[in-house]
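Encoded as structure tokens, the structure appears first; notes follow it.
The values are calculated or read from the model by the stated rules, or taken from the named source; none is laboratory data. Since the model is a prediction, treat every value here as computed from it, not as a measurement. When we count neighbours, we look across all protein chains shown, and the Cβ atoms used for this are built from the backbone with ideal geometry, even at glycine. Surface areas here come from the heavy atoms of the whole protein model, side chains and all, with no ligands, DNA or RNA. Shrake-Rupley method; radii C 1.70, N 1.55, O 1.52, S 1.80 Å.
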Amino acid sequence: MTFREDGAAALEWAASYLERVGELPVLAQVEPGDIRSRLPAVPPVRGEPFADVLRDLDEILLPGVTHWQSPRFFAYFANSASEPGILAELLAATLNSVAFLWRTAPASTELELLTLDWTAQLLGLPTAWHGHIEDTASTSTIAALAAAREATGRSVVVCSEHAHSSVDKAAKLLGLQLRKVPADPEFRLRPDALDLTDAAAVVATVGTTSIASVDPVPAIADACAAHGTWLHVDAAYAGSAWVCPEFRWSQAGVERADSVVVNAHKWLFTPMDCSLVWTSRPEDFRRAFSLVPEYLRTSEAVDSLPDYGPALGRRFRSLKLWAILRCYGQEGLQVRIREAVRLAELFERWVRDEPGWEISAPRHFSLVCFRRDGSNEENQAIVDRVNRTGELFLSHTRLDDRYVLRLAIGNERTAEDDVRRAWDALRAAAAG
């Protein structure tokens with residue numbers, strides 16, 4: 001078989017998978033070790049045809065895939081790799097650019113800067129900010145807190161008790177002390193509890209992981225300004241919603257941030273991994289990360305994107321986001337995000353109207369937090385039952401020591417019928 005023939009077979013497999021993914025069990029129905037036990041323990045001596053790879057993908061690997069592309073993946077924060085992004089990922093792999101200098105990848109370097117400018121415009125962020133791409137929000141947070149440490153000379157990071165665990169990990173990796181602030185009754189960071197006299201940075205969250213709450217960024221920005229503290233805003237999930245004007249209430253104060261992260265691979269339909277980080281203080285990023293050994297010195301006086309983050313070698317990630325922005329446009333993104341929010345509103349209403357069920361936290365964006373009247377163990381059993389069916393996949397959180405179910409809508413293929421099937425499955429699981 002030739003590259004064209006194998007490529008056509010792979011593309012056919014991908015198209016077929018997207019057509020049938022809605023009927024596959026959402027959560028992988030395997031036990032630990034099942035997949036490895038079905039594969040050879042030693043590598044092949046002689047090469048095998050690519051057709052054999054596709055065969056084993058179907059027969060061995062696919063049963064061990066939890067289908068994030070399923071329209072009934074409602075766990076964590078759902079994402080979906082859209083068709084333009086998938087095709088652009090293929091093209092990026094084909095070009096195989098390694099962007100550690102402008103001259104090693106002029107197109108990748110310049111397109112990344114342009115695409116971040118485009119996205120800032122679509123989201124209503126300040127267009128003068130410098131933007132670049134990291135792999136995940138965890139890395140983006142590490143980069144921002146390293147810049148904050150460099151800029152302030154301090155070693156304390158402050159965040160809400162509901163901030164993402166990536167803040168804990170970044171502090172651990174950077175040798176920073178982490179101080180968590182209690183939340184108010186709506187699960188938002190309490191500005192009155194901030195003590196910033198020794199703080200390098202505050203991490204404010206727009207769309208917390210457990211309940212998508214929105215920290216009061218304007219008040220936090222006031223406190224940071226008074227103490228010379230770096231303000232980093234984690235909008236990894238909810239920041240994408242800013243493409244819709246009606247959700248920009250959650251952006252209040254963000255224009256005063258020193259750095260912001262939004263994950264395009266969460267709600268901008270971009271294949272993993274594509275985390276967007278902007279800063280109003282690019283020189284502080286450069287001081288934290290720029291390192292130019294002799295073999296990297298060139299005559300071009302242009303940006304090298306590794307000067308703004310921890311990685312030297314960088315993939316052509318912007319190509320897939322650029323393709324999505326071009327193929328969907330502002331209107332296409334708005335339609336998809338508004339539909340996800342509409343479906344979440346619909347599900348919330350079903351829960352409110354059903355005796356024996358309750359909404360556990362204010363709904364923001366497309367995440368609904370809810371539970372069945374009963375014990376934590378009974379609610380955990382409901383999640384376990386529905387996940388075992390393969391009909392859908394849910395995750396949970398704990399709020400005030402209560403086990404709470406989360407249904408997050410974000411996949412662009414999710415339709416009202418998928419949400420209805422999820423609700424029917426939940427009620428059936430609760431009935432035992």
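Could you go through segment 167-180 and let me know if any residue there is of a type in the set (Asp, Glu) and buried (at least 16 other Cβ atoms within 10 Å of the Cβ). No, segment 167-180 contains no residue that is of a type in the set (Asp, Glu) and buried (at least 16 other Cβ atoms within 10 Å of the Cβ). Can you report the number of residues in segment 185-210 which are touching a strand residue (DSSP E or B) at 6+ places or on another chain (Cβ under 6 Å), within 26 Å of Gly410 (Cβ to Cβ) and at pLDDT 95 or above? Adding up the residues that qualify gives 5. If you check Ala301, Ala311, which single one turns out to be open to solvent by 40 Å² or more (accessible area, probe 1.4 Å), of a type in the set (Gly, Ala, Ser), free of Cβ contacts under 8 Å to residues at least 24 places away in the same chain and more than 24 Å from Pro245 (Cα to Cα)? Ala301 is the lone residue from the list that is open to solvent by 40 Å² or more (accessible area, probe 1.4 Å), of a type in the set (Gly, Ala, Ser), free of Cβ contacts under 8 Å to residues at least 24 places away in the same chain and more than 24 Å from Pro245 (Cα to Cα).
Consider Arg286 carefully, then state whether it is closer than 30 Å to Ser82 by Cα and open to solvent by 30 Å² or more (accessible area, probe 1.4 Å). So Arg286 fails the test.
Here's the yes/no breakdown for (1) within 25 Å of Ala236 (Cα to Cα); (2) in contact with a strand residue (DSSP E or B) (Cβ under 8 Å, 6 or more places away or on another chain); (3) assigned to a helix (DSSP H, G or I):
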position: Pro43; (1), (2), (3): no, no, no
position: Ala51; (1), (2), (3): no, no, yes
position: Leu57; (1), (2), (3): no, no, yes
position: Leu61; (1), (2), (3): no, no, yes
position: His67; (1), (2), (3): yes, yes, no
position: Ser70; (1), (2), (3): yes, yes, no
position: Ser80; (1), (2), (3): yes, no, no
position: Pro84; (1), (2), (3): yes, no, yes
position: Glu89; (1), (2), (3): yes, no, yes
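Please count how many residues of segment 30-41 are open to solvent by less than 100 Å² (accessible area, probe 1.4 Å), modelled with pLDDT of 95 or more and either out of contact with any helix residue (DSSP H, G or I) (no Cβ under 7 Å at 6 or more places or on another chain) or part of a loop (DSSP other than H, G, I, E, B) (or both).
Result for segment 30-41: 3.
Restricted to strands (runs of 3 or more DSSP E) entirely inside segment 362-432, those with at least 1 residues that are within 22 Å of the chain's Cα centre (by Cα) and of a type in the set (S, T, N, Q) are 395-399.
When every residue of segment 97-106 is checked against the conditions, none turns out to be under 19 Å from the mean Cα position of the chain (by Cα), surrounded by fewer than 20 Cβ atoms within 10 Å (Cβ to Cβ) and assigned to a loop (DSSP other than H, G, I, E, B). Pairs are defined by a Cβ separation below 6 Å, a sequence spacing of at least 6 or placement on different chains, a first member in segment 412-429 that is free of Cβ contacts under 8 Å to residues at least 60 places away in the same chain, and a second member that is part of a helix (DSSP H, G or I); the pairs so defined are Ala425/Val386; Leu426/Val386; Ala429/Ile382; Ala429/Arg385; Ala429/Val386.
When both residues are 6+ apart or on different chains and their Cβ atoms are under 6 Å apart, which pairs have a first residue that lies in segment 219-245 and is crowded, with 24+ Cβ neighbours inside 10 Å, and a second that is among the aromatic types (Phe, Trp, Tyr)? Pairs found: Tyr237/Phe77; Ala238/Phe365; Ser240/Trp267; Ala241/Phe247; Ala241/Phe365. Here Ile359, Ile337 are screened, and the one residue that is touching a Cys at 6+ places or on another chain (Cβ under 9 Å), free of Cβ contacts under 8 Å to residues at least 24 places away in the same chain and within 24 Å of Val206 (Cβ to Cβ) is Ile359. The residue of segment 77-89 that is least open to solvent (accessible area, probe 1.4 Å), among those that are at pLDDT 95 or above and farther than 18 Å from Glu19 by Cβ, is Ala88. If you go through segment 57-76 and pick out every residue that is open to solvent by less than 20 Å² (accessible area, probe 1.4 Å), of a type in the set (A, V, I, L, M, F, W, C) and within 20 Å of the chain's Cα centre (by Cα), you end up with 3.
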